1. Restricting region 50-61 to residues that are buried (at least 18 other Cβ atoms within 10 Å of the Cβ) and under 22 Å from the mean Cα position of the chain (by Cα), which is farthest from residue 14 (Cα to Cα)?
2. Failed condition for residue 408, given (1) in a loop (DSSP other than H, G, I, E, B); (2) charged (D, E, K, R); (3) away from the ligand (no atom under 16 Å from the Cβ), with all others met?
3. Say we look at region 129-164 and pick out the residues that are of a type in the set (Phe, Trp, Tyr), within 12 Å of the ligand (Cβ to nearest atom) and within 24 Å of residue 443 (Cβ to Cβ); which of these is surrounded by the most Cβ atoms within 10 Å (Cβ to Cβ)?
4. Among the listed residues 100, 126, identify the single one that is outside any helix (DSSP H, G or I) and either free of Cβ contacts under 8 Å to residues at least 60 places away in the same chain or crowded, with 19+ Cβ neighbours inside 10 Å (or both).
5. Looking at region 304-314, can you tell me whether even one residue there is of a type in the set (A, V, I, L, M, F, W, C), farther than 21 Å from residue 9 by Cβ and not in a loop (DSSP other than H, G, I, E, B)?
6. Please go through region 165-210 and give me each residue that is buried (at least 18 other Cβ atoms within 10 Å of the Cβ), hydrophobic (A, V, I, L, M, F, W, C) and away from the ligand (no atom under 11 Å from the Cβ), ordered by number.
7. With surrounded by fewer than 17 Cβ atoms within 10 Å (Cβ to Cβ) and of a type in the set (Lys, Arg) as the only criterion, which of 67, 47 stands out?
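The values are calculated or read from the model by the stated rules, or taken from the named source; none is laboratory data. Not measured: the values here are computed from a predicted model. As a convention, Cβ positions derive from the backbone with ideal geometry for all residues, glycine included, and neighbour counts pool all protein chains shown.
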Amino acid sequence: MVIASVNPTTAEVLKTFSPLGAEEVDRAIAQAATTFETYRLTSFEQRAQWLENTANLLQQQRETLARLMTLEMGKPIAEARAEIDKCAWVCRYYAEQGAAFLEPEFIPTEASYSAIHYQPLGIILAVMPWNFPFWQVFRFAAPALMAGNVALLKHASNVPQCALAIAQIFRQAGFPEGVFQTLLIPGSAVADLVADPRIKAATLTGSEAAGTSLAQAAGQHLKKTVLELGGSDPFIVMPSANISQAIATAVQARMINNGQSCIAAKRFIVHEAVYDTFAEGIKAAFESWVIGDPLEPTTQLGPLATAAIRDELHAQVELALGHGAKAFYRRSLDLPTQCRQGYFFGPTILTEVTPNNPVFTQELFGPVAMLFRVSSLTAAIELANATPFGLGASAWTQDSDEAEILVRDLEAGAVFINAMVKSDPRLPFGGIKTSGYGRELGRAGLLEFVNIKTVCRA
Ligand code: NDP
């Protein structure tokens with residue numbers, strides 16, 4: 001596959017890149033391995049300072065970086081700016097908290113000294129997607145580098161300029177040469193990298209297919225992996241919910257990042273007592289959502305990131321309709337001239353998606369909502385759990401008994417009550433079932449890529 005920046009708003013090819021050859025890849029791994037030997041001995045204070053510098057650089061270059069993201073993958077510019085701010089936040093968070101998280105922990109035993117020491121593993125390979133081209137990388141890199149690891153980034157082939165910009169920022173921040181490198185290589189080259197004995201572990205955010213392929217390669221070589229894969233998050237609305245707030249949040253949670261987020265709300269499961277109000281509410285919001293050039297500050301929905309993603313979503317909607325689903329709402333597009341060649345998709349609401357519909361269990365990566373009517377809390381939870389995925393879940397109720405049951409019974413890596421699912425540097429993030437395993441962020445995320453070493457002195 002070609003490594004290229006294509007502006008999804010206009011379909012214009014911005015820049016193409018030749019993938020690195022085997023020798024260049026080998027040199028990068030050798031450099032990372034050499035750097036690790038000295039980097040692992042640097043102090044927490046020094047690493048924290050480099051992370052602080054990184055945060056400062058991100059904020060200084062915010063406008064340029066945000067624009068680059070919008071040009072490469074089409075997210076609304078306001079969301080791109082917020083993404084850069086969040087990357088600065090995660091760098092500062094680990095700069096401030098990392099040392100405390102990694103301090104040796106003394107555990108009293110019969111030994112004169114017994115403790116847990118946290119030590120870096122070495123080179124970590126990060127395979128990352130295009131949907132949050134900065135955030136996905138920084139939420140891995142900030143804790144990994146704070147722990148003393150070094151990183152190789154294989155970014156998605158449609159965001160090479162973001163990938164190169166990220167490596168440059170880490171270098172400008174003062175991290176030694178080789179601590180963070182970008183490798184412009186296709187997904188098909190990943191299995192060979194994982195087999196390289198100098199690479200100690202890998203993390204991947206992306207599709208189930210890519211995750212399975214990485215896990216297979218890593219399994220053959222007994223290497224640790226963290227996988228953050230797809231999701232089809234439920235958004236449950238019960239009769240006691242604040243309906244206007246639920247509607248406003250539901251639309252935001254579906255439309256965020258042009259609908260291309262793993263933790264976007266995708267299945268709206270609504271109690272019959274409030275179903276009609278909710279359905280009409282999200283329909284009205286879908287109708288008035290501002291679609292257009294994502295560089296315009298007022299735009300709320302830009303294009304999908306690639307023609308293939310757009311075609312795949314179109315095929316899924318047709319498949320759903322072909323199996324008895326109804327289009328409760330389907331917006332036809334009226335785009336400004338400069339956007340007419342772009343990969344836009346009209347917001348759509350599907351109803352009557354039954355369990356025998358193949359799309360019932362699929363992830364819809366774009367502005368398409370599935371709406372379900374239920375008659376009880378038990379039915380809502382059953383439907384919410386009737387998916388292979390288990391990433392996040394949002395549930396709306398003012399009844400604290402109901403909230404407790406939802407927290408207990410929803411099969412997900414995160415449950416948010418009366419709020420939208422979102423990631424936060426302070427809280428662990430990750431899924432269960434086919435949404436993957438392992439955690440990012442928080443202390444749990446930091447500890448994924450360390451050797452938890454038991455130390456005993458008699
Ligand atoms: P992919 O999973 O194919 O891409 C994600 C990353 O994995 C990219 O860096 C990609 O590289 C790499 N990759 C692809 N195939 C392999 C492989 N066999 N071994 C190792 N690495 C691989 O996502 P797509 O862009 O194709 O999107 C397809 C679907 O995936 C979406 O519609 C969505 O459902 C899901 N997805 C979920 C994301 C999430 O946040 N959970 C993010 C992105 C996608 P390359 O670009 O070179 O192929």
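1. We begin by selecting, within region 50-61, every residue buried (at least 18 other Cβ atoms within 10 Å of the Cβ); these are 50-51, 53-55, 57-58.
Then keep just the ones that are under 22 Å from the mean Cα position of the chain (by Cα); that gives 51, 54-55, 58.
Details: 51: 31, 54: 27, 55: 28, 58: 23 Å.
Once the filter is applied, the top-ranked residue is 51.
2. Of (1) in a loop (DSSP other than H, G, I, E, B); (2) charged (D, E, K, R); (3) away from the ligand (no atom under 16 Å from the Cβ), only one is false for residue 408: (1).
3. Quick first cut of region 129-164, residues of a type in the set (Phe, Trp, Tyr) only: 130, 132, 134-135, 138, 140.
Pick out the ones that are also within 12 Å of the ligand (Cβ to nearest atom) and you get 130, 132, 135.
Filter again for within 24 Å of residue 443 (Cβ to Cβ), leaving 132, 135.
Values: 132: 26, 135: 20.
Applying the filter and picking the extreme gives 132.
4. On the way: 100 fails: outside any helix (DSSP H, G or I).
Being outside any helix (DSSP H, G or I) and either free of Cβ contacts under 8 Å to residues at least 60 places away in the same chain or crowded, with 19+ Cβ neighbours inside 10 Å (or both) holds for just one of 100, 126, which is 126.
5. Restricting attention to region 304-314, the residues satisfying the condition of being of a type in the set (A, V, I, L, M, F, W, C) are 304-305, 307-309, 313.
From the residues that got through so far, the ones that are farther than 21 Å from residue 9 by Cβ too are none.
No, there is no match, as no residue in region 304-314 is of a type in the set (A, V, I, L, M, F, W, C), farther than 21 Å from residue 9 by Cβ and not in a loop (DSSP other than H, G, I, E, B).
6. The answer is 165, 166, 167, 169, 170, 173, 175, 179, 180, 199, 201.
7. Details: 47 fails: surrounded by fewer than 17 Cβ atoms within 10 Å (Cβ to Cβ).
Exactly one of 67, 47 is surrounded by fewer than 17 Cβ atoms within 10 Å (Cβ to Cβ) and of a type in the set (Lys, Arg), namely 67.
A quick yes/no check of all residues on (1) under 25 Å from the mean Cα position of the chain (by Cα); (2) more than 16 Å from the ligand (Cβ to nearest atom); (3) of a type outside the set (D, E, K, R); (4) at positive phi:
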residue: 9; (1), (2), (3), (4): yes, yes, yes, no
residue: 17; (1), (2), (3), (4): yes, no, yes, no
residue: 31; (1), (2), (3), (4): no, yes, yes, no
residue: 42; (1), (2), (3), (4): no, yes, yes, no
residue: 45; (1), (2), (3), (4): no, yes, no, no
residue: 64; (1), (2), (3), (4): yes, yes, yes, no
